[in-house]
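Report on the structure given below.
Taken together, the values in this text are just the output of simple stated rules run on the coordinates, not laboratory data. This is a predicted model, so every value here is computed, not measured. Note that each Cβ is placed from the backbone with ideal geometry, even for glycine, and that neighbours are counted across all protein chains shown.
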Ligand SMILES: Cc1cc2nc3c(=O)[nH]c(=O)nc-3n(C[C@H](O)[C@H](O)[C@H](O)COP(=O)(O)OP(=O)(O)OC[C@H]3O[C@@H](n4cnc5c(N)ncnc54)[C@H](O)[C@@H]3O)c2cc1C
């Protein structure tokens, strides 16, 4: 990034009192624990600050006639960040941007950076059912809507009734159910990476808090039993192909334990690539490629990564 952009950004962020860090390693912000430094990691505290950051980047691009690479991340639980780092701005919408409000009609309003885990606990405490499936998915609400995260027969699409986002020009819009275009690990946001989700309204159904807790605990125990949660990863590496399960196909090809550098196909769950020993992004990419090639050759199924590659 050009030094004039760095100086301008620093000055403006200081003036607006928006938290940021320089040259932060992305390995600290991804559950894979992989990734080199980004030029700026900006951590807005509210929607106004998110919009200010986007307007700032947009304005600098126009004045300096030069694109500024930027991206939004949540908890980084579905991302592989490059070893060489990210020469641009990462807008981190996570812990700093986390707030929950109980609203009318059994709804919960969550800012995009709120961890799903926190929303699940909040819903349970208030005797609201419908989000139990998400207990244990280590993402933020924003990341979960973007991906239409799901598990155990539930998906974000079942509970999200409204979202608020901003575009790169700072225009704020609300979307409703008919607009979301939710599909398997897909939403309208997947098709509009320039839209940043600010908040999400979730509608749930009243139920017995003890029953909700029991279901949540059951899902968590199943995760602990089946998934290699003791190692850094980004969850399921591949999407589920039509008519099969990625993990089962990988296991069938005898690829459990296959290793490239510090990355390994988990012995516990073949659907997970895990970071067993200081894996690099390059290790993971090579392993993902090897697995997909072998599975296609031996079974005919084409595996598509669910993991997103930050570039
Ligand atoms: C151990 C483990 C288990 C997992 N289990 C599941 C599971 O059961 N089901 C499942 O679906 N997933 C699962 N995942 C994957 C992951 O947790 C989900 O995809 C989650 O929804 C990602 O959320 P995030 O906040 O970490 O997003 P990130 O990984 O940070 O980002 C993912 C994408 O969302 C975009 N994004 C994030 N926040 C915003 C925002 N505010 N506005 C616009 N775009 C945004 C990013 O730009 C990126 O493209 C698992 C991961 C791990 C590590």
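Things to note:
- Three-way shape call for segment 98-211 based on the alpha-carbon gyration tensor, with the a/c threshold at 1.5: prolate
- Hull-based mean projected area of segment 228-309, where the convex hull spans the alpha carbons, in square nanometres: 4.6 nm²
- Counting only the Cα atoms, segment 123-188 fills a convex hull of 105 Å³ per residue.
- In terms of the mean number of neighbouring beta-carbon atoms within 10 Å, the peptides 22-28, 47-53 order highest first as 47-53, 22-28.
- Packing here is the average count of other Cβ atoms within 10 Å per residue, and on that basis the peptides 2-12, 149-159, 34-44, 168-178, highest first, run 34-44, 149-159, 2-12, 168-178.
- Per residue, the Cα convex hull of segment 3-95 amounts to 87 Å³.
- Cβ crowding within 10 Å averaged over residues, with 202-215, 83-96 ranked highest first: 83-96, 202-215
- Segment 270-311 residues near the modelled residue 69 label - backbone nitrogen below 16 Å, point 7 Å along Cα→Cβ: 281-282, 309-311
- log₁₀ of I(q)/I(0) at q = 0.21, 0.32 Å⁻¹ - segment 1-43, Debye sum with one point per alpha carbon: -0.69, -1.06
- Segment 153-216 shape via C-alpha gyration tensor axes, a/c threshold 1.5: prolate
- Segment 2-156 has equivalent-ellipsoid semi-axes of 32, 18, 12 Å, by the square roots of 5 times the alpha carbon gyration tensor eigenvalues, sorted largest first.
- In the chain, the DSSP beta bridges split such that about 80 percent are antiparallel, to the nearest 5.
- For the chain, fraction of C-alpha pairs farther apart than 34 Å, in %: 25 percent
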